[in-house]
Amino acid sequence: SQNLALDSPIGKEYQFIIHRVAEGETLQIFADQYNTSVEAITAVNYELISPLWIGWLVIIPLNTIDVSNLPAFEAYMIQQQSINLRELADQLSASLEMIALYNNLNVEYLLTEGEWLLIPRERPES
């Protein structure tokens, strides 16, 4: 089973880190640390504010700068004691298959409180 937690790689073919911003951190620091680019980080985040706020969640693609074929993602923490992926996808109006794919989970996976997921979203028109 994988560790659906902050600062742990999530995914398989493409991997991402969900990171809570600390004081003094910038997108450039993340880009350098995780072998990606500021543009790639910006592209895969459904909502990103600039400048970054302390405590904001940033999704960082690992070891990739070409994210043109990826959706934007929202970081989501499970708040129920347990919920399956199908119910969660319904609740969030998101694609079950896409959630399963990008989080590297079986569609029948049972999520538990405190786990973090990437929720694929349509990219906003820029």
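The values are calculated or read from the model by the stated rules, or taken from the named source; none is laboratory data. These figures come from a predicted structure and were not determined experimentally. Cβ sites come from the backbone with ideal geometry, for glycine too, and all protein chains shown count toward neighbours. Side chains are part of the model used for accessible areas, which takes the heavy atoms of the whole protein and leaves out ligands, DNA and RNA. Shrake-Rupley method; radii C 1.70, N 1.55, O 1.52, S 1.80 Å.
Which entry in (i) 14.2, 45; (ii) 14.0, 40; (iii) 18.2, 59 is this structure's computed Rg and Dmax of the Cα atoms in Å?
Entry (ii).
In whole Hz, what ³J(HN,Hα) sequence does the stretch 46-60 give by Karplus (6.51, -1.76, 1.60; θ = phi - 60°), x for Gly and Pro?
3J(HN,Hα) across the stretch 46-60, in whole Hz: 5, 9, 9, 9, 9, x, 5, 8, 4, x, 5, 8, 10, 9, 10.
Determine the sum of side-chain charges near Q80: Lys and Arg each +1, Asp and Glu each -1, restricted to other residues whose C-beta is under 9 angstrom from that of Q80. List each step's numbers first, then the result.
Numbers: positive: none; negative: E87, E113.
Computed value for this residue: -2.
Please compute the contact order of the chain in relative form: average sequence separation of alpha-carbon pairs under 8 Å and at least six residues apart, divided by the residue count, as a percent. Show your work: numbers first, answer last.
On the way: 229 pairs, mean separation 34.0, N = 126.
Reported as a whole number, the value is 27 percent.
Per DSSP H run of at least 4 residues, take -39500 (n - 2.57); add these up for the chain, divide by its residues and hand me the 222 nm value, nearest 500 deg cm²/dmol. Working shown, then result.
On the way: 4 runs with 29 residues, N = 126.
Value at 222 nm, helices only, nearest 500: -6000 deg cm²/dmol.
Percent of accessible area on the chain owned by carbon and sulfur, 1.4 Å probe?
So the carbon and sulfur contribution to the accessible surface is 48 percent.
Magnitude of the Cβ-charge dipole of the chain, K/R +1 and D/E -1, about the Cα centre, nearest 20 debye? Before the final figure, lay out the partial values.
Numbers: 5 positive and 17 negative charges, 16 e Å.
So the dipole magnitude of the chain works out to roughly 80 debye.
Rolling a 1.4 angstrom probe over the protein chains, ignoring ligands and nucleic acids, what is the accessible area of R123 in square angstrom, nearest 10?
For R123, the solvent-accessible surface is approximately 90 Å².
Which net charge results for the neighbourhood of S68, defined as the other residues with beta-carbon distances under 11 angstrom from its beta-carbon, given Lys and Arg at +1 and Asp and Glu at -1? The partial results should precede the final answer.
Details: positive: R123; negative: E39, D66.
Here the charged neighbours net out to -1.
Just check the stretch 38-82 against the gyration tensor rule for me: Cα atoms, a ≥ b ≥ c as the square roots of the eigenvalues, rounded for a/c under 1.5, and otherwise prolate or oblate depending on whether a/b exceeds b/c.
Values: a/c = 2.47, a/b = 1.39, b/c = 1.77.
Taking the square roots of the gyration eigenvalues as a ≥ b ≥ c, the stretch 38-82 is oblate.
Heavy-atom accessible area of I65 with all protein chains present, probe 1.4 Å, nearest 10 Å²?
So the heavy atoms of I65 present about 120 Å² to solvent.
Points 7 angstrom from Cα along the Cβ direction at D66 and R20: gap in nanometres?
Reported label-point gap for D66 and R20 is 3.6 nm.
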